[in-house]
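Each remark here refers to the structure printed beneath this line.
Values in this text are rule-based calculations from the coordinates and carry no lab data. Worth saying up front: this structure is predicted, and the values here are computed from it rather than measured. Counting neighbours? That spans all protein chains shown, and the Cβs are built from the backbone with ideal geometry, glycine included.
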Amino acid sequence: MTHIKYVIKRSGVTVPFTPERISNAIYRAAVAVGGRNRQISDDLAQQVVVQLEQNHDTEYTPHIEEIQDVVEKVLIENGHAKVAKAYILYRDERARHRNQQDAQAAQPSANIPWAKIWHVLDWAVDRGLHTVMGLNSRIHSGEFSQVVTESEAAYSVEVEKAASAILARREELKMVIITGPSSSGKTTTMIKVAERLKNAGVRLVTLNVDNYFFDLEIHPKDEFGDYDFETPHALDLDLINKHLTRLIKGEEVLIPYYDFKTGKRVPDQTPMKLAADDLILIDSLHGLFPDMTRDVADPLKFKLYLEPLMQIKGDDGEYVRWTDIRLIRRMLRDASHRAYDPRQTLEHWHYVRSSEMRHIIPNINTADVIINSAMPYELSLYSARLRDDFKRWTAEYKEKPLKEDAFIRAERVARLLDSVTPVLDDSQVPTDSVIREFIGGSSLKY
C-alpha cells in the first residue's frame, strides 16, 4: 500500500495517484516492442512506487514528470532497454506535440492533406457553406433539402473517382485498404466502392482483421485501465501478414475467430482462398499503419483514406474540428447500435484521439485517394439531437480534474451546436447516405 495519495498534473491540477496507471503505461510500451507479460509490468510499477517513496514523508505529492523519470530509470536498471526506448519516444512525442500547441507553430503539418482541404473549402465557399452563419442562412431560407442534395452529390463523385482509380490499376492490385479514424464513414464507403467494383467485374473479399485480436488477458490497456481496442498493437500483426502473403500467392488459409464475449481468439476456423480476379479488402482503423501490411509490396496495395474534412467556420472564427464531428457521430452510433451511453463515449475519446495521433494521422499522406465524408448539413441534425446533452455535460465536468479532457471537448462542442440551427426532421437524408451510418435509418446492410 503506497502512502502517495495524489499526483500533480502538468496543468498544476492535483488528482488521485493510481499505481495501476504506471503498470498500464509500462505494459503498453512493452506491447509496442513485442512484450506481453503483465506480471513484469506490475512488478516494475511497484519498483517505481518504492523509489518515489524513498526519502519522502507521507505528505509527498510527486509531479507527473517526476514519475515518468523514475519509470525510465527503473526500466533501464532492470534491463528493459527496448521498452524504455518505446516509453521515452512516446513521452518525447507527446512533449513535442504539447510544445507545438503552446507555441501555435506556424509551420504547416505534413500530416494534413492541404490540396484536398483546399478543394473542399472551395466547394463550400461556392455554396455559402463555409461558415455556420451561411449554413443557418440557407436553412432559414428553406434550402435544407438542397444542401443535402449538394452534399450527397459531392460525396458520390468522390466515391466514383475512388472506384475508377482502383479499376485503373486492376491488373497489378491484390488488395484494397479502406481506412480512416473512428466514425469517418468507412463502412458505408466500403459498401459503395464495392458495388461499383462489382459492376465492373471485380470482387472484393473481406479479411476481417477484428478476428486477429490477441486474447483479452494480454490486451493492452489505456491509462485508466480500460482495454484499448484502438491501438494496432492489439492485433496479431505477424499473423495478418503471414495470411496476406499466402492469400496473394493463391494459397488457402484458415482465418481465426475472435469471440468478443469471452475475449478469446479461436485459431484456424474459416477457410479463405482468392479466385483469380478477387481483391483482398481490409477495412480497418489502422490500414495505413506500416506494420499492418508490411510484407505486401506497395504496388499491390490501393489505400483509400476517409475523413470528414469539413471546412466550415463557427461563430468564434475557428474551423470546426474533424475530431468533434467524429465524436458526435460515434456517440449517436454507439447509443443506437451498441446501447452505449454517449457520456461514456465522451469520457473515453481522449485515448481514441491519442491512438489516432500516434498511429493513423502520421500516415495520411501514404494514401492513394482521400475521400471527404463530411456533410455540412449534418451539423444541423446533431444540434437537434445532442445540443442540450453537451450543455449538461459541460456543467457536470467543470469541477472534475480527472474529466478535464471531457470538459474541454463538451464545452467546445456545446458552443458549436448552440450556434447551429437545429433540424430534427431527417427525412430529406437519403437512406443510403454515409450519415445514416450514425443517425440510423440506413437501407444498407452493415
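In nm², what is the average projected area of the convex hull enclosing the Cα atoms of region 254-334?
Computing the convex hull of the Cα atoms and averaging its projections yields 9.2 nm².
Within 10 Å, count the other beta carbons around each residue, average over each peptide in 183-195, 423-435, and list them highest first.
183-195, 423-435
Over all Cα pairs of region 6-103, how is the pair count split among 10 Å bins, expressed in % and running from 0 up to the last occupied bin?
With a bin width of 10 Å, the distribution comes to 15, 46, 32, 7, 0.
In what sequence, highest mean first, do 310-319, 146-155, 230-239 appear when ranked by Cβ atoms within 10 angstrom?
230-239, 146-155, 310-319
Run the reach check for Lys403 against lysines, Cα to Cα strictly under 22 Å, same-chain hits fewer than 8 apart removed. What comes back?
Answer for Lys403, where 22 Å is the Cα cut-off: Lys5, Lys9, Lys221, Lys391, listed by chain and number.
Report the rotationally averaged projected area of the chain based on its alpha-carbon convex hull, in square nanometres.
For the Cα atoms of the chain, the hull's average projected area reads 22.9 nm².
Per 0.36 nm of contour for each residue apart, how much would the distance between Ser427 and Asp259 grow if the chain were fully extended, relative to their Cα-Cα spacing?
56.8 nm
When the helices in the chain are scored as -39500 (n - 2.57) per DSSP H run of 4 or longer and the sum is shared across all residues, what 222 nm value do you end up with, to the nearest 500 deg cm²/dmol?
It lands at -16000 deg cm²/dmol.
Mind jotting down the distance between the C-alpha centroids of region 161-182 and region 1-77, whole Å?
What the calculation gives is 45 Å, centre to centre.
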